[in-house]
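Q: The structure's right below; bear with me while I get my questions together.
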Amino acid sequence: MNERFKLKVDTLTCTHEFAKGGLHSICKKGIYEAGDGMSIIDVDWGSYYPSLMIKLGIYPEHLGPKFLTFLKDLTDRRLHAKRTGDDVTNKSLKISINSIYGLLGEVYGWIHDYKALYSVTLNGQLILLMLIEELELIDSRIKCYYSNTDGATFMVPTELLDTFKEVGEQFRKDV
C-alpha cells in the first residue's frame, strides 16, 4: 500500500489536497490577522475519524459491527470528559480512540483493515471539504485559509458569526 494518492481541489478561497492521510490546504503563506469587523474562527471536529467510523458504520470487517459499540462507548466517554474538564480521561481516551483509527493501517495489528482505513479517510476528506464549501458560500467575505484532516480556519465578518455557527452546527447534525 505504498502507492501515492494526491488530488487537488479548489474551493472559493483555497486549494485543498486530498491524500491518503487526510485533507490539507495549500494556501498562500503569510500571517493572517483579523482586521476591524472580522474574526478568525477555527472549526474543529472532535474525535473526527472515530466519530466518522461510528456515524458511517465503518469497522474492521474481521471484528464485525459490534466493534462500533466499543468505539462509541470510548468516544462518548472521551467527549464527555472534554466537556466537563476531566483532562486526564479526555487525553487518555483521545489517544486510545485515535490509535484505533491509526491501527487500521498497521499491517501486523489486530485491527488492520485497509478498506476501513481508506473509507474513513476519504469520506472524512469529502465531508470536511463539503463543510468548507458550505461555509464559504454563506458570503463571499468568508474565506478558508487553512484545512487539516479534521478542521479548518476561516476569516469571518463579525456580523456573520451567528449565521456561520448555525450553518456549521446544522451541517454537523445532517452529516
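Q: Filter the range 107-156 down to residues that are in contact with a helix residue (DSSP H, G or I) (Cβ under 6 Å, 6 or more places away or on another chain), over 26 Å from Lys29 (Cβ atoms) and open to solvent by less than 10 Å² (accessible area, probe 1.4 Å), then give me how many there are.
A: Qualifying residue count, the range 107-156: 2.
Q: Could you give every pair whose Cβ atoms fall below 9 Å, whose first residue belongs to the range 8-32 and is on the phi > 0 side of the Ramachandran plot and at pLDDT below 85, and whose second residue is hydroxyl-bearing (Ser, Thr, Tyr) and in a loop (DSSP other than H, G, I, E, B), counting only separations of at least 6 or pairs across chains?
A: Gly22/Thr149
Q: Next question. Among (1) touching a strand residue (DSSP E or B) at 6+ places or on another chain (Cβ under 9 Å); (2) without any contact (Cβ under 8 Å) to a residue 12 or more places away in the chain; (3) of a type in the set (Ser, Thr, Tyr), where does Thr121 come up short?
A: Of (1) touching a strand residue (DSSP E or B) at 6+ places or on another chain (Cβ under 9 Å); (2) without any contact (Cβ under 8 Å) to a residue 12 or more places away in the chain; (3) of a type in the set (Ser, Thr, Tyr), only one is false for Thr121: (2).
Q: Does Gly21 satisfy the criteria of being in a loop (DSSP other than H, G, I, E, B) and open to solvent by less than 70 Å² (accessible area, probe 1.4 Å)? Break it down stepwise before answering.
A: Details: in a loop (DSSP other than H, G, I, E, B): yes; open to solvent by less than 70 Å² (accessible area, probe 1.4 Å): yes.
In short, yes.
Q: From (1) at pLDDT 90 or above; (2) open to solvent by 40 Å² or more (accessible area, probe 1.4 Å), pick out the condition that doesn't hold for Gly57.
A: For Gly57, the failing item is (2).
Q: Looking at the range 83-97, is at least one residue closer than 22 Å to Val175 by Cα and loosely packed, with under 15 Cβ neighbours inside 10 Å?
A: Yes, the range 83-97 contains at least one residue that is closer than 22 Å to Val175 by Cα and loosely packed, with under 15 Cβ neighbours inside 10 Å.
Q: Still on this model: Do we find a residue being more than 30 Å from Met155 (Cβ to Cβ) and open to solvent by 30 Å² or more (accessible area, probe 1.4 Å) anywhere in the range 44-52?
A: No, the range 44-52 contains no residue that is more than 30 Å from Met155 (Cβ to Cβ) and open to solvent by 30 Å² or more (accessible area, probe 1.4 Å).
Q: Of the numbered conditions (1) open to solvent by less than 50 Å² (accessible area, probe 1.4 Å); (2) not in a helix (DSSP H, G or I), Ile100 fails exactly one; give the number of that condition.
A: (2)
Q: Given (1) buried (at least 19 other Cβ atoms within 10 Å of the Cβ); (2) farther than 30 Å from Lys28 by Cβ; (3) within 15 Å of the chain's Cα centre (by Cα), where does Lys173 come up short, assuming only one miss?
A: All conditions pass for Lys173, except number (1).
Q: Kindly indicate the residue of the range 54-85 that is hydroxyl-bearing (Ser, Thr, Tyr) and in contact (Cβ under 8 Å) with a residue 24 or more places away in the chain and also farthest from Asp113 (Cα to Cα) among those meeting that condition.
A: Applying the filter and picking the extreme gives Thr75.
The values are calculated or read from the model by the stated rules, or taken from the named source; none is laboratory data. As the structure is a prediction and not an experimental result, all values here were calculated from the model. Please note: Cβ atoms are built from the backbone with ideal geometry, for glycine as well, and neighbour counts cover all protein chains shown. Accessible surface is based on the protein model in full, side chains and every heavy atom, while ligands, DNA and RNA are left aside. Shrake-Rupley method; radii C 1.70, N 1.55, O 1.52, S 1.80 Å.
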